[in-house]
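Below: one structure, written as structure tokens.
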Amino acid sequence: KMTQQMRDLQLAQARKPPGPSSPNAAKRLYRNLSGKFRVNYMSFDEGSLVGRGEKEKLRKSYLFQSNAALFEAVELQDLDRVQELLKQYSPEELDLKNPNSEGLLPLDIAIMTNNTPIARALLQAGAKESPHFVSLESRLVNEAPNTDCSEKEKQLKAWEWRFRLYKRMKAGFEHARVPDAPTNVHLSVASSSSVQVTFWEPLSVNSAVVTKYKVEWSCSSTFSPPLGEAVIDKLNNLNFTIQGLVSGTAYYVRVSAYNMKGWGPPQASVPPCAIPSNWREYDGRAPRRRGQAEALDHLLGQVKTVHQHCICHEPCKNQPQSRKHSVSKSLKHLFHPGSKFLKTLKRGLYLTAIFYKDDNILVTHEDQIPVVEIDDTYSCLLMQDFLWFTKVSCMWDEILWLRQCVTVSQSSCSCILQTRFKMLLAISQMQGLLGIQDLGQIFFEPVKDKQGNILIVTLKEVKTNQTFESVRWVPICKLQTSRKSVSSPEEPTALDTLLISIQDKLAYHQRSTHALSPGLYLGYLKLCSAVDQIRVLVPEQLPNILCHVKIRSNPNISREEWEWLQKMASVEESIPAEPEADTSQNPLFHELQVAIKELMTLVNIPLQEAKDFRLYSQEVLDFGDQVSFLLLLPPSDDVCTAPGQNNPYTPRSGFLTLPLQIFELGEER
């Protein structure tokens, strides 16, 4: 019997070479092996699958193929193929957490064969090490493949593959050592109850991929006793915030790295300890905006209560209730022949609403941008009325109530009140014709022409998941090319000017809704005044924020940092160009130096002029919990440039000036 088995084995060896002689042969070997090992794991009764079962069969087959392809790519050390599969399939589809019949995950193979690029790619995708590796020895002790297949050829291939992989893994394991300590371990104060540690990977991982890090903290520099630890296995961002600490207490932090040989030596942070605090603790100051929104809502409620019984409401109360909302909430009135949208302008003040979705714009049944008349005999102060209109845009849902407060009888004695009452009527008309209450955000300046027409423009983006009835959307480019202009190129009408510049206005609207990433910023406050308004300098790419540069990713200013800033302000020192002895070790000082140089370059001001600038030391401007600002101010006489005043340093392209009230509204949004 033994002789017969040897003959069978010799015949099998004669038919196939004992090992892969080329990469293609290795691929075929691995494909066959994977098929052998995994089919039993995913076996099912094919005859019982009908309908939904067939779909499940196809799905499992699809997942199996992608998983087998990943194992093959890792085994053959094909980095390009691994990256392609990770990009093409999700981690769930690739089944990164399900071991093969050898008890190995793709990450295990990459780690133990010391393939650092592939291991890092798998870690970035969320791959984990096999839970079976509970000890160092278990990585090199595996049972024989469990298979009931009686074909000697497949058994031989399995053992050949196993032996080859084992040799590579064993060599990688024996050559590896524990990783060096992480580098650039930096500790900072995140709040009154937390600190944040950031770090980089070790300079040398000693021939083994680092798969996780450990952060430890204690009130003792010897870490005895330890207060806590956290293991970080998501390596996309190497940072950790330690929460729930006691304000005013010093905490020491250290970080260590882990590879398949174990934990490496810890690296203490720089600085070695940090004390949780916030700049407000310096004088016990409460947040500026605490309770303001609630107080304003309460005040508005009181005003409404008083006006409910006011005689000014009588004319509106006597109106038929059907006039209140006699139009449908849908947009079908856009296409009704009797709609009151205008096609042409006749010397006056008008309101236009621009609703857009992607590259399409909402138009009337006559392919016109919705326009309604405010006043055909307008002769008041435009900027005052326009700024009042921008405030009304914060109360689109309260237009009816505002109309009741400013009746025709009351406004008859005042040109200003008459205009504002007409503005409210125009808003109600636009809302009724469109069937939409929220008309969006006001563009920061009206569109005017030489014929005396003035357009107030509102902008609103319609999200793709919103649905409207009977909507007519037209591509913007088609609307621009199909419109027949009634004006000359030298003197275009306000409507023509609006169409020509509509992409710029939409871009402004989109940019004004962008938010800053978390961090501490240095802002530059520069104003310029005119006869009827004050304007503020802002970047075109983010017009709802002052000109700025980022100081650091941590938005918190600690009590110690704020004390240092107060000390600088108390002795009336300007920002020094070179570090002094008592400040050279202050991290915030160096961060501010870099930020000031970058900001001065941004706004085209020579660096030597910065010696006369000063930091605003009354408060840190907090915008929520994630964004804060320090302000850099020019000399007192230059903060606001008056009309006719010489301003030798003008910013390069990429900036604009907004009316201060418009900027404040955009900042609130």
With +1 on each Lys and Arg Cβ and -1 on each Asp and Glu Cβ, and nothing else charged, work out how big the dipole of region 348-513 is about its Cα centre, in Debye to the nearest 20. 180 debye
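For region 186-277, report the accessible area per residue in Å² (1.4 Å probe, heavy atoms, rounded to an integer).
45 Å²
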XL table K304/K391; K87/K214; K422/K478; K463/K550; K167/K261; K550/K611; Cα-Cα > 22 Å flagged, in table order, is K87/K214; K422/K478; K463/K550
Here P(r) for region 348-513, Cα-Cα distances in 5 Å bins, as whole percents, is 1, 8, 17, 21, 20, 16, 10, 5, 2, 0
Shape call for region 174-245, from the Cα gyration tensor axes a ≥ b ≥ c (a/c under 1.5 means rounded, otherwise prolate when a/b beats b/c, else oblate), comes out prolate
Between R347 and S393, what is the label-point separation in nm under the 7 Å Cα-to-beta-carbon projection? 2.8 nm
Region 185-308: relative contact order in percent, alpha carbon pairs under 8 Å with at least 6 residues between: 30 percent
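Once R0 is set to 41 Å, what does the formula 1/(1 + (r/R0)^6) return for the Cβ-Cβ distance between S501 and W200, expressed as a FRET efficiency to the nearest 0.05?
On the way: r = 47 Å, r/R0 = 1.16.
Here the calculated transfer efficiency is 0.30.
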Over what distance in Å are the Cα centres of region 238-310 and region 429-463 separated? 40 Å
Taking square-rooted eigenvalues a ≥ b ≥ c of the alpha carbon gyration tensor, is region 514-576 rounded, prolate or oblate, where a/c under 1.5 means rounded and, failing that, a/b exceeding b/c means prolate? oblate
Please give the FRET efficiency for K448 paired with E229, using the beta carbon to beta carbon distance and R0 = 60 Å, rounded to the nearest 0.05. 0.35
Once you have a ≥ b ≥ c as the square roots of the Cα gyration tensor eigenvalues for region 421-462, tell me rounded if a/c is under 1.5, and otherwise prolate or oblate according to whether a/b is larger than b/c. oblate
Please work out the FRET efficiency for the pair E619 and R177, using the Cβ-Cβ distance as r and a Förster radius of 45 Å; give the result to the nearest 0.05. 0.30
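Report the gain in length on full extension from W263 to N239: 0.36 nm times residue separation, minus Cα-Cα distance, nm rounded to one decimal. Intermediate values should be presented prior to the final figure.
Values: separation 24, 0.36 × 24 = 8.64 nm, distance 1.81 nm.
Working it through step by step, the gained length comes to 6.8 nm.
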Given the Cα-Cα distance of D78 and Q608 and 0.36 nm per residue of separation, how much length would full extension add, in nm? 185.3 nm
Tell me the per residue accessible area of region 348-513 using a 1.4 Å probe; a whole number in Å² is fine. 44 Å²
Using a cut-off of under 18 Å, list every residue of region 188-224 whose amide N is near the label point 7 Å from the Cα of V270 along the Cα-to-beta-carbon line. 188-189, 196-204
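Extension gain V531-T601, at 0.36 nm per residue separation less the Cα-Cα distance, in nm?
22.2 nm
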Rounded to the nearest 20 debye, dipole of region 186-277 from Cβ charges on Lys, Arg, Asp, Glu: 100 debye
For a label point 7 Å from the Cα of K170 along Cα→C-beta, name the residues of region 94-118 whose backbone N is under 17 Å from it. 112-114
Would you kindly find the accessible area of E598, with a 1.4 Å probe and non-protein molecules such as ligands, DNA and RNA excluded, rounding to the nearest 10 Å²? 100 Å²
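The values are calculated or read from the model by the stated rules, or taken from the named source; none is laboratory data. Everything numeric in this text was worked out from a predicted model, so none of it was measured. Cβ sites come from the backbone with ideal geometry, for glycine too, and all protein chains shown count toward neighbours. The protein model used for the area step is the full one, side chains on, heavy atoms only, and it has no ligands, DNA or RNA in it. Shrake-Rupley method; radii C 1.70, N 1.55, O 1.52, S 1.80 Å.
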